[in-house]
Amino acid sequence: MRIGVFFLAILLTTILVKAQSKETPIPILNAPDDWRTEIIPFPLEFAPEINFVGTEDIRFSPGWAKTDSEAFWTYAFIWYLDEDPKLNAEKIAELLVVYFDGLMHNVALNGKDPDAVNLQKTVALFIDKEEKGDFIGKISVYDAFFTKKTIVLNVKANHSFCEQTRKYSTIFHLSQQRYDHNIWNTLNTIQLKQLCSD
């Protein structure tokens, strides 16, 4: 009888652990402890047209939501994917237009903004850097969260494949600050937890 109760307890514990692991996704990025984490599975609710299979892991700087902070709108995110999205500079720009248009429209609608259907469209431009998989660009996007105005974000992106995990990852670092601002020293340290060999 005691053995049966013991094994039942083990079984219940195993089920609970598995359920919790499904509910709490494992963070993919390293970031400072005071950067807020949000993890979203694909397809993204606000941009279902981006039909990847995988996860988006987002890290927000402590000043991300503070309009008077040097780190306002400074954050990073990764697309951690099962299949190769075959990215180039043009495709990254196209995807981020869909991404930010969907995000801002969704935020404006939830905020019952009467101008939600007439939001200014996102404009994005990216170029390849000298190193393979590295891109740099700018995004002009309507800020439906805070200022209700158009803002310009400087962006660095890196696309790579990890042989160990068989995953494709694209890390985006974004800020209104110029690339020589010290906020980029922190942004550039936000990378994959999993170290991958070439």
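Every test in (1) open to solvent by 30 Å² or more (accessible area, probe 1.4 Å); (2) in contact (Cβ under 8 Å) with a residue 12 or more places away in the chain is passed by residue 122 save one, and that test is (1). Of all residues in region 69-100, those satisfying the criterion of being surrounded by 19 or more Cβ atoms within 10 Å (Cβ to Cβ) and out of contact with any strand residue (DSSP E or B) (no Cβ under 7 Å at 6 or more places or on another chain) are 71, 72, 95. Of 160, 169, all but one fail to be at pLDDT 90 or above, more than 23 Å from residue 69 (Cα to Cα) and touching a His at 6+ places or on another chain (Cβ under 8 Å); the exception is 169. Checking each residue in region 149-158 for being more than 13 Å from residue 126 (Cα to Cα) and touching a residue at least 12 places away in the same chain (Cβ under 8 Å) picks out 150, 151, 152. Pairs meeting the criteria (first residue in region 92-107 and under 23 Å from residue 169 (Cβ atoms), second residue aromatic (Phe, Trp, Tyr), beta carbons under 6 Å, at least 6 apart or on different chains) are 92/126; 92/135; 93/126; 102/46; 103/46. Residue 193 satisfies every condition listed in (1) more than 14 Å from residue 54 (Cβ to Cβ); (2) of a type in the set (D, E, K, R); (3) more than 18 Å from the chain's Cα centre (by Cα) except (3).
Here region 18-53 is the region considered, the condition is being surrounded by fewer than 12 Cβ atoms within 10 Å (Cβ to Cβ), hydrophobic (A, V, I, L, M, F, W, C) and at pLDDT below 90, and the residue that is nearest to residue 186 (Cα to Cα) is 26. For region 37-60, residues that are closer than 17 Å to residue 141 by Cβ and small (Gly, Ala, Ser) total 1.
For (1) of a type in the set (A, V, I, L, M, F, W, C); (2) open to solvent by less than 70 Å² (accessible area, probe 1.4 Å); (3) touching a Ser or Thr at 6+ places or on another chain (Cβ under 9 Å); (4) touching a residue at least 24 places away in the same chain (Cβ under 8 Å), each residue gets a yes or a no:
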position	(1), (2), (3), (4)
160	no, yes, yes, yes
163	no, no, yes, yes
177	no, yes, yes, yes
191	no, no, no, yes
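Within region 50-74, work out how many residues are in contact with a Leu (Cβ under 9 Å, 6 or more places away or on another chain) and acidic (Asp, Glu).
Of the residues in region 50-74, the ones in contact with a Leu (Cβ under 9 Å, 6 or more places away or on another chain) are 50, 52-59, 61, 73-74.
Remaining after also requiring acidic (Asp, Glu): 56-57.
Residues flagged as in contact with a Leu (Cβ under 9 Å, 6 or more places away or on another chain) and acidic (Asp, Glu) within region 50-74 amount to 2.
The values are calculated or read from the model by the stated rules, or taken from the named source; none is laboratory data. Because the structure is a prediction, the values reported are computed rather than measured. Positions of Cβ are backbone-derived with ideal geometry, glycine not excepted, and every protein chain shown enters the neighbour counts. What goes into the accessible areas is simple: the full protein's heavy atoms, side chains included, and nothing from ligands, DNA or RNA. Shrake-Rupley method; radii C 1.70, N 1.55, O 1.52, S 1.80 Å.
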